[in-house]
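Before I ask anything, here is the structure I am working with.
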Amino acid sequence: MGEITGLPLAELTDRLAALGGPEPERERPPPSTTGEFPELPGAVPGKVVLRLAPFPSGSLHIGNARMLFVNQYYRARYDGRLLLVFDDTIGNEEKRVEPEFYDMIRADLERAGIVPDATYFKSDRIGLYYPWARRIIDRGGAYVCTCPAELLRANRASGTACPERSQSIEETGAAWQRMLDGGFAPGEAVLRLRTDLQDPDPAFRDRVLFRLSDLDHPRVGRKYRVWPLLEVAAAVDDIELGISHVIRGKDLVMEDRMERFLWELLGVQGPPFLHWGILRVREAKVSKSKSYREVKSGLYDGWSDPRTWSLLSLDRRGISMDALRTFTLSFGLSLADIEVPAETLYAENRKRIDATTPRRAFVPDPVHVAVEGYPADLATVELPNHPDLPAMGSRSVTAGPEFFLPRKDVERNRGAEVRLKDLVNVRLPASLPVGDDVVPVTFTTRENRRLPRLQWVGAADAVPVDLLGIEGDHTTGWGERSLAAAPPRQIFQFERVGFVRVEASWAPGQTPVRVVFGHP
RNA sequence: GCUCCCGUAGUCUAGUCCGGUCAAGGAUCCGUGGCCUUCGACCACGAAACGUGGGUUCAAAUCCCGCCGGGAGCACCA
């Protein structure tokens, strides 16, 4: 026996086989395409209830996608329910609830393929939170503090109790009633939780539960002056709405502790929490407040401006929500904070659209050229809509002898022979004339040789195109004639440029064909 | 500073709970070649990783300890 245990595994296997034993399983598990999604603790299929709690202060963006798709994923996995709970408590001056965002967020959800099983508004539930405040007070768990915010913070940092911390339950009850009755102005009093002023995490010491605000709320106006903070509202709703699992970003971990603390104080059992780490898309410097400002100021082209990286803007760019879902789920529920290049998302989208997207020619920043010796029989040519898929058909394109070529390529290849893609070879002049003069180039051969390839548009029949870039920039140029009839939302690949989506058709003499850049 | 979290290729990720089939899999990026009329796609090939030091063990990406590095939170916002 001792002799066997010392043998390497491979040899053991061989000996086993020689003895006629069964071959051990050697199959690898299938390669995973998504990240790791653990079982939800204690989850029972059909009984899982999850919630999405967006704050209606802007459109949903790429950074919110994880919240959407992870919850959607678990709902499907456990055949559960997903509630939309608008986290529309009052906010503050910088972070305000605004009416248009309710519908905008619902539209975002719909776009992402998420149909909530029910929708709630915290602003409808404010009255529900007050009895809970009473219960907390009655257990001696809170006190009304009238310290100015700054002093409150300083005391918290140093672990110093303010005089009101020692008030009796009766005193707190009376002060709370005074808050409700309007006996304090906003900022004059808050209801604070009694935790432990020596708690190792300073952030956790005697946090504020309820505060006063007289801001006008878009749904309930000034009906309430006493507003709950996120932690209390969530602690109450997670119980009352029967949430079975809370899955959210790890920026909210301390709120877990708050909710658990409250539940323990009140002797109720709440759901477990799961988190994911911070996800950043390198190119997307997402800031809801900046987007808000620039949309309001008119600098951005509304919430569909590419710079917002909103779901709406991604759709506008031709990036499918399915690609976004796969992209988002590929990170699993890892707690690590990560930064991912947008290219990964683009690659995912390309997989979905490349095979079905027609090709078209577009020449940005054009130079007008005239080809000397251009073959007369090539005035028009037939080009395939997709190089690899003959089934996608072809279109007839007006060609030379006059063309538009990309200035950048013409300059880079001065004096050299180049290939007009799918057409002929020409020699470019050694130097370009100044101004907008037509540049003479020389036909060389039809023979397809290994030369730099340039996309081209026949000058005789070109259509003006305006391309909106992802930085909000505009590139103008010429496109081939067939673009004129392109319907809005059609996706094309502009050869050697990238994937674009049509915004508006051509109105001759008025507006160019407007397209939005999607990705390379 | 305090609290919590995280370290697998350039970037993500699987594997870590339950040590051996991991001389580490997938995606993306990069390079080369092919298809030879896209700088796209596709095909083939290639380059590329267990933060670090110690310990336990026949055996460590996996268990234990130290160190180093990165991130988040520390609002009368959400």
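Using Cα centres only, tell me the gap between region A:49-116 and region A:452-516 in whole Å.
35
Given contacts defined as C-alpha pairs under 8 Å and at least six residues apart, what's the relative contact order of region A:280-355, whole-number percent?
34
Continuing with the same structure: Where in region A:109-141 does the amide nitrogen come within less than 18 Å of the point 7 Å from the Cα of residue A:178, taken along Cα to Cβ?
Taking a point 7 Å out along Cα→Cβ of residue A:178, the residues of region A:109-141 whose backbone N falls under 18 Å are A:134, A:137-138.
Okay, next question. Give the lysines whose C-alpha is closer than 20 Å to that of residue A:421, dropping any in the same chain fewer than 8 places away, or say none.
Counting by Cα, and skipping residues close in sequence, residue A:421 has these lysines nearby: A:408.
Let me ask something else about it. Calculate, in nm to one decimal, what residue A:368 and residue A:201 gain on full extension: separation in residues at 0.36 nm each, minus their alpha carbon distance.
53.3 nm
Output ³J(HN,Hα) for region A:40-48: one whole-Hz value per residue in order, computed from phi by the Karplus curve 6.51 cos²θ - 1.76 cosθ + 1.60 with θ = phi - 60°, and x for Gly and Pro.
6, x, x, 6, 10, x, x, 10, 7
How much accessible area per residue does region A:127-228 have, counting only protein heavy atoms and a probe of 1.4 Å, in square angstrom?
That works out to 47 Å² per residue.
With a 10 Å radius around each residue's Cβ, average the other Cβ atoms per peptide and rank A:62-71, A:197-206, A:364-373, highest first.
Details: A:62-71: 21.5, A:197-206: 13.9, A:364-373: 17.5.
For the peptides A:62-71, A:197-206, A:364-373, the packing ranking is A:62-71, A:364-373, A:197-206.
Under the rule a/c < 1.5 gives rounded, and otherwise a/b versus b/c splits prolate from oblate, where does region A:363-459 land using the Cα gyration tensor?
Prolate, because a/c is 1.5 or more and a/b exceeds b/c.
Here is a further query. Considering only protein heavy atoms and a 1.4 Å probe, what is the carbon-and-sulfur percentage of the accessible area of chain A?
Working: 12890 of 24620 Å².
Carbon-and-sulfur percentage of accessible area, whole number: 52.
With a probe of 1.4 Å, find how much accessible area region A:336-402 has per residue, and write the answer as a whole number in Å².
47
Could you give the nm distance between label points at residue A:510 and residue A:44, where each point is 7 Å from its Cα heading toward the beta carbon?
6.3
Need one number: nm distance between label points at residue A:135 and residue A:395, each 7 Å from Cα along Cα→Cβ, rounded to one decimal.
Between residue A:135 and residue A:395, the simple spin-label model gives 6.5 nm.
What shape does region A:101-215 take by its C-alpha gyration tensor, where a ≥ b ≥ c are the square roots of the eigenvalues and a/c under 1.5 counts as rounded, a/b above b/c as prolate, and the rest as oblate? Show your work: numbers first, answer last.
Values: a/c = 2.30, a/b = 1.79, b/c = 1.28.
Prolate is the answer for region A:101-215, as a/c is 1.5 or above and a/b outweighs b/c.
Still on this model: Taking 0.36 nm per residue of sequence separation and subtracting the Cα-Cα distance, how much length would be gained by fully extending the chain between residue A:220 and residue A:448, in nm to one decimal?
Computed gain between residue A:220 and residue A:448 is 75.0 nm.
For residue A:81, which sequence-distant residues (separation of 5 or more, or a different chain) have an amide H within less than 5 Å of its own amide H, given hydrogens modelled in the peptide plane?
The list, which skips near neighbours in sequence, is A:48, A:49, A:50.
Could you pull out which residues in region A:350-380 have an amide N less than 11 Å from a spot 7 Å beyond the Cα of residue A:402, following the Cα-Cβ vector?
Correct set: A:368-371.
Given the whole protein assembly as supplied and a 1.4 Å probe, what does the accessible area of residue A:255 come to in Å², nearest 10?
Approximately 20 Å² for this residue.
How big, on average over all directions, is the shadow cast by the Cα convex hull of chain A, in nm²?
Averaged projected hull area, Cα only: 38.9 nm².
The values are calculated or read from the model by the stated rules, or taken from the named source; none is laboratory data. Just so you know, these numbers come straight off a predicted model, no measurement behind them. Glycine also receives a Cβ, built like all others from the backbone with ideal geometry; neighbour counts cover every protein chain displayed. The area values use the complete protein model at the heavy-atom level, side chains included, leaving out ligands, DNA and RNA. Shrake-Rupley method; radii C 1.70, N 1.55, O 1.52, S 1.80 Å.
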